[in-house]
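**Q** Mind looking over this structure? Questions follow.
What follows is calculated from the coordinates using simple rules that are stated; it is not laboratory data. Just so it is clear, the model here is predicted, and its values are computed rather than measured. Note: ideal-geometry Cβ built from the backbone for every residue, glycine included; neighbour counts use all protein chains shown.
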Amino acid sequence: MDTPRADAPPLLDIRGLTKSFAAQRALDGVDLTLRAGEIHALLGENGAGKSTLIKAATGIIARDAGTIRLDGREIDPKSGAEAVATGIATVYQEVNLLPNLSVAENLYLGRQPTRFGLVRSAEMRRNARALLAGFGLDIDVAAPLADYSVAIQHICAIARSVDLSARVLILDEPTASLDVHEVEILFRVMRELKSRGIGIVFVTHFLDQVYAICDRITVLRNGRLVGERPVAGLPKLELVRMMLGRELAEVETRRPERDAVAADTSMPLARFDAFGRSRYVEPFELVLRRGTVVGLAGLLGSGRTETARLVFGAEAADCGTATVDGTTVRIGSPRDAVRHGFGFCPEERKTEGIVAELTVRENIVLALQARRGWTRPLPRREQDEITARFIRLLDIRPADPDRPIGLLSGATSRRCCLPAGWRPIRAC
Ligand SMILES: Nc1ncnc2c1ncn2[C@@H]1O[C@H](COP(=O)(O)OP(=O)(O)O)[C@@H](O)[C@H]1O
Ligand SMILES: [Mg+2]
């Protein structure tokens, strides 16, 4: 189904929505127009006011000013349940269902088919199967919801909302925790709903997703409306500029410092040329110089994490060259990277950065031990020296080498990831 015309009558029309929290104005006279059969991205940096807009429009929080019209009729929901009753359903990032109940029970919670006061389970399961089949989902509806992936749980939440006669579906960052395949499943469901004439407001930080599925975009910045645009023909750079405002121009004006770094002709510690991996990160150039911090900036989903993983060999590059101290080297695995003096402090500290059950000492010497090989155990005295040095250097508190690392605060245990390539640390 094509993008609905801009002059199509609005399905949901929000005008002048305003909301303050104490002295802070979180929303300042914001408009949003959603048409039937439209997928409308609501974009803006963290704190721009997206969630506040959704909550104020659906009665989860009281608004200070503004009108909301559904099909031209003014509505004033005072709670989420009232919004659902008028035809606006919202699914948040955290699915709001009951994981221990079955899929079918979740879909019909509070409205199970009954006879003589008893739930007609077989009929409920039949209905549930039919409802999900409408979204191309064929799963065991008698199994607990918790048995399924977050994506399937999201689809169950959406199916339930839509079945409660929603005309408007609002999705607040549903894809933040989904993998690529799961996002595809969700998109299939969104396209199906679009073809049924439902209007969808979709909040996401992933610009690729916006271009893949959305018809129009409304951008907020600091609680204000920046503008509404059709997605087709809108350059990504222009969209980023709308989201960030003049900050992009400010970066441009800091040219002198950048030129100073560029003019440094000393041999870089490390450089990556046309380095990349197909369908992961486009080939890039990265130069790391002595005593310099290189910032990797970009919106969520722009490839910052992926770039770091390639540099550290956590994903193998399939093109380009890596040069360390003027010599071309192969960085095809973290082991290679550590050998060349790289350390890595990953985004997912708990699963990728540390072994929670091991002590601070064991975590700190782990990578070094791995580099030496397990047949040459580090003498305990050396372990203690290294650990004491890093506890001091990284200000690890409490300074107890025998404490399981999982018991430290997030920020402190993240610091323990650093010693991985401790002689010397080039990058993290
Ligand atoms: N319940 C609240 N109390 C106080 N301030 C809030 C509350 N909810 C949101 N805010 C503030 O309002 C602004 C917009 O937040 P939010 O709507 O959550 O942004 P977004 O969803 O775009 O990331 C932020 O500055 C946030 O700190
Ligand atoms: Mg939000």
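**Q** Quick one: what are the phi-derived ³J(HN,Hα) couplings along the stretch 22-28, Karplus 6.51/-1.76/1.60 with θ = phi - 60°, whole Hz, x for glycine and proline?
**A** Each residue's phi maps through the Karplus curve to give 6, 7, 8, 8, 7, 9, 10 Hz.
**Q** Treat the count of other C-beta atoms within 10 Å as a stand-in for reagent exposure and order Thr114, Thr218, Thr33 from fewest to most.
**A** With the fewest neighbours first, Thr114, Thr218, Thr33 line up as Thr114, Thr33, Thr218.
**Q** Then there is this: Quote the relative contact order of the stretch 266-342 in percent (integer), defining contacts as alpha-carbon pairs under 8 Å separated by 6+ residues.
**A** 35
**Q** Tell me the relative contact order for the chain as a rounded percent, counting alpha carbon contacts under 8 Å between residues six or more apart.
**A** 14
**Q** Let me ask something else. Considering the dipole of the chain built from charges on the beta carbon (Lys and Arg +1, Asp and Glu -1) around the Cα centre, which of Ser102, Pro113, Ala322 is farthest to its positive end?
**A** Comparing the listed Cα positions along the dipole, Ala322 ranks first.
**Q** Using a ≥ b ≥ c from the Cα gyration tensor of the stretch 266-342 (square roots of the eigenvalues), is it rounded, prolate or oblate, where a/c under 1.5 gives rounded and otherwise the larger of a/b and b/c decides, a/b for prolate?
**A** oblate
**Q** Still on this structure: Enumerate the lysines that Lys19 could reach by cross-link, defined here as Cα to Cα under 22 Å, with residues fewer than 8 away along the same chain left out.
**A** Hits, sequence-local ones excluded: Lys50, Lys55, Lys78.
**Q** Related question: If you line up the long axis of helix 150-163 against the longest principal axis of the chain, both from Cα atoms, how many degrees apart are they, to the nearest 10?
**A** For 150-163 against the chain, the angle is about 10 degrees.
**Q** Restrict the search to the stretch 38-131; then list the GluC sites (Glu not before Pro) that DSSP places in a loop and that have at most 15 other Cβ atoms within 10 Å of their Cβ.
**A** When the GluC sites (Glu not before Pro) of the stretch 38-131 are filtered for loop state and at most 15 Cβ neighbours within 10 Å, Glu94 remain.
**Q** Suppose every Lys and Arg Cβ carries +1 and every Asp and Glu Cβ carries -1, with no other charges. What dipole size does the chain come out with about its Cα centre, to the nearest 20 debye?
**A** About 640 debye.
**Q** May I ask you to evaluate 6.51 cos²θ - 1.76 cosθ + 1.60, the Karplus curve with θ = phi - 60°, for each residue of the stretch 362-378 and list the ³J(HN,Hα) values in order in whole Hz, giving x for glycine and proline?
**A** Calculated HN-Hα couplings, in order: 4, 5, 5, 8, 4, 5, 5, 4, 4, 5, 6, x, 6, 7, 10, x, 5 Hz.
**Q** What is the sum of charges around Gly49, taking Lys and Arg as +1, Asp and Glu as -1, for the other residues whose C-beta is under 11 Å from the C-beta of Gly49?
**A** Net charge around Gly49: +4.
**Q** Test of understanding: ordering Thr18, Thr86, Thr387, Thr328 by Cβ neighbours within 10 Å, fewest first, what list do you get?
**A** With the fewest neighbours first, Thr18, Thr86, Thr387, Thr328 line up as Thr328, Thr18, Thr86, Thr387.
**Q** Shifting gears a bit: Only Cα pairs within less than 10 Å get springs; with that Gaussian network setup on the chain, which residue of Pro235, Pro379, Pro174 has the largest fluctuation?
**A** Result for the chain, Cα springs under 10 Å: Pro379 fluctuates most.
**Q** Moving on to the next point. Note down the net charge around Pro174, summing +1 for each Lys or Arg and -1 for each Asp or Glu among other residues with Cβ under 11 Å from its Cβ.
**A** Charge balance near Pro174 sits at -4.
**Q** How large is log10 I(q)/I(0) at q = 0.17, 0.20, 0.23 Å⁻¹ when the Debye formula is applied to the Cα atoms of the stretch 1-125, each weighted equally and without solvent?
**A** Each listed q maps to, in turn, -0.97, -1.15, -1.34.
**Q** Using square roots of five times the C-alpha gyration tensor eigenvalues, list the equivalent-ellipsoid semi-axes of the chain in whole Å, biggest first.
**A** 47, 29, 21
**Q** Provide the per-residue ³J(HN,Hα) series for the stretch 139-144, in order, calculated from phi with Karplus coefficients 6.51, -1.76, 1.60 and θ = phi - 60°, each as a whole number of Hz, with x at glycine and proline positions.
**A** Going residue by residue, I get 10, 6, 7, 8, 6, x Hz, with x marking Gly and Pro.
**Q** Could you give the length gained on full extension between Arg15 and Trp374, defined as 0.36 nm per residue of separation minus the Cα-Cα distance, in nm?
**A** Length difference between fully extended and current span is 122.6 nm.
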